[in-house]
Amino acid sequence: MEIIKYQFQHHGDARGQLAVLEEGKEFPFPAKRIYYIYGTQPGIARGFHAHKALDQVLICIHGSCKILLDNGREKTTVELNDPAEGLLVGHGVWHEMHDFTQDAILLVLASDFYQESDYIRDYDTFLAFMGVDKQ
Ligand code: TYD
């Protein structure tokens, strides 16, 4: 399946690095909500859901983790380890986060406020939502 990544502006100099992302340039929607995942315990995986309408951009601003993306027909895994790069997780994509390093901080820009009703947390319900027949 298609992977959409965004490369942020880099303003590094002898002092260090500075990354910038502006709405409409380096990410595609107004971010109504920002959250971050950190202190993830060894061996723990998160996510295991899809969203009906919410779009998100994931940025691993420290450490690394792997994101499994699944549109019901195809799956792919993307490693995030660059603080100046974002990964789009659009609506209708089942996603799982795996293999967090102990120092990983995963920053998420979300297109809307938190609404539990937007979550699909059951995989068979996700396949039905996507109009995919169960194998
Ligand atoms: P959860 O959906 O389990 O996180 P993940 O996608 O990483 O597996 O969310 C953990 C808890 O936090 C759950 O009780 C819902 C709550 N939560 C909010 O209240 N607001 C938010 O923006 C998010 C992302 C989660």
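Place +1 on the Cβ of every Lys and Arg and -1 on the Cβ of every Asp and Glu in the chain, take the dipole about the Cα centre, and give the residue among H62, M1, G43 whose Cα lies farthest towards its positive end.
Looking along the dipole axis, the top candidate is G43.
What FRET efficiency would be calculated for the residue pair E74, Q17, taking the C-beta separation as r and a Förster radius of 35 Å, to the nearest 0.05?
Calculated value: 0.55.
With the cut-off at 21 Å, tell me which of the pairs K5/K134; K52/K134; K25/K66 have Cα atoms farther apart than that.
K5/K134; K25/K66
Rank these by accessible area, largest first, 1.4 Å probe: E26, E2.
E2, E26
Using a 1.4 Å probe, what is the accessible area per residue for the stretch 26-77, in Å²?
In whole numbers, the stretch 26-77 has 52 Å² accessible per residue.
For the chain, how big is Rg over Rh, using alpha carbon atoms and the Kirkwood form of Rh?
0.98
On a full-extension model of 0.36 nm per residue, what is the gain between A31 and F129, subtracting their alpha-carbon distance, rounded to one decimal in nm?
32.8 nm is the gain from fully extending A31 to F129.
Relative contact order (percent) for the chain, with alpha-carbon contacts under 8 angstrom and 6 or more residues of separation?
33 percent
The values are calculated or read from the model by the stated rules, or taken from the named source; none is laboratory data. It should be emphasised that the depicted structure is a prediction, and the values quoted were computed from it without experimental measurement. Here Cβ is always computed from backbone atoms with ideal geometry, including for glycine, and neighbour counts include all displayed protein chains. Note: areas computed on protein heavy atoms with side chains; ligands, DNA, RNA excluded. Shrake-Rupley method; radii C 1.70, N 1.55, O 1.52, S 1.80 Å.
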